[in-house]
1. Hey, could you check segment 102-130 for residues that are in contact with a Pro (Cβ under 7 Å, 6 or more places away or on another chain) and among the aliphatic types (A, V, I, L, M) and say which is nearest to Tyr33 (Cα to Cα)?
2. Residues that are out of contact with any Pro (no Cβ under 8 Å at 6 or more places or on another chain) and touching a residue at least 40 places away in the same chain (Cβ under 8 Å), at least 2 per element: which strands (runs of 3 or more DSSP E) completely within segment 1-101 meet that?
3. Within the set of pairs 6+ apart or on separate chains, which have a first residue in segment 188-207 that is surrounded by 14 or more Cβ atoms within 10 Å (Cβ to Cβ) and assigned to a strand (DSSP E or B), a second that is at pLDDT below 95 and among the charged types (D, E, K, R), and C-beta atoms under 6 Å apart?
Amino acid sequence: MVPEPQNVRLHSIMFDSVLQWDPPNFHNKSLVYTVQHRKKFNNTFADMCRRIVFTECNMSSIPIYGHSIIRVRTESENKYSNWVTINFTPYTDTIIGPPAVQVEATKPGVLNVQLTDPFFTRSGVKYSFKNLYASVVYRIRIWKKYHSDKEVLDVNSTYTFQIIPDLDPMTTYCLKAQVFIEDLNKGGQWSEPICTNTTDKTDPGNI
C-alpha cells in the first residue's frame, strides 16, 4: 500500500485557496500526488492537479458558493494510496482580509478614518468582498500608543468613513480595523496598527 499524504489542510484568504499537505512519513522519490474536487451533490470528481511532485494545489477556481469535497492521494507508478478527503465551502470558510486604513488628524482631538474594502480577484477581475456579503460592519479599535493596555474606544459602523471625536489633543493614538459579517457571525483579519498624533492645529502630524 502506498502511504497517504499527511496533515492535509486548505489555506484560503479572500478566495485565494491552496490545498497543502506533507509527504508520507515513509516514502521514496518517485511519489506524485493527484488532487480532485466535486461539489456535494455531484457524483463526479474532476482533477485539479494530476500527478504533481509538489505538495500543494491551487483550488481558487472552485465555485465560491456551495459545499465542495476535495481529496488528495499519493501515487507511485501504478499504485495508489487511499484518498484523504476534506470539506470546503469558500463562501463561509475563506478568511476575509483586512481593510486598508488611512487616518487624518483634522480638528483638535478628532481623527478622520477612511477604510477601503478588501477585494478578491476572479478571472482577472477585482471585486469588493461586498459583492458577495451583506450585513457588513466595520470595527475600529482605538487606543493611546503608550497605554495599549487601556483600549480607549471601539467603534462599529456600516460606513467606510468615520469621524472619531472627543480624543485628547496632541496625543498619539493607534488604531486598527476589521470587517465583520453579521449574517455569518464572522470576523475578518485585523489591519496592521497605524499611529497618528491628534493636533491642536489645522495640519496633522503623522508618525
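1. Leu115
2. 6-13, 16-22, 32-39, 68-76, 84-88
3. Hits for this filter: Cys195/Lys145.
The values are calculated or read from the model by the stated rules, or taken from the named source; none is laboratory data. What you see is a predicted model, and the numbers here were worked out from it, not measured in a lab. Using ideal geometry, Cβ is built from the backbone for each residue, glycine included, and neighbour counts are taken over all protein chains shown.
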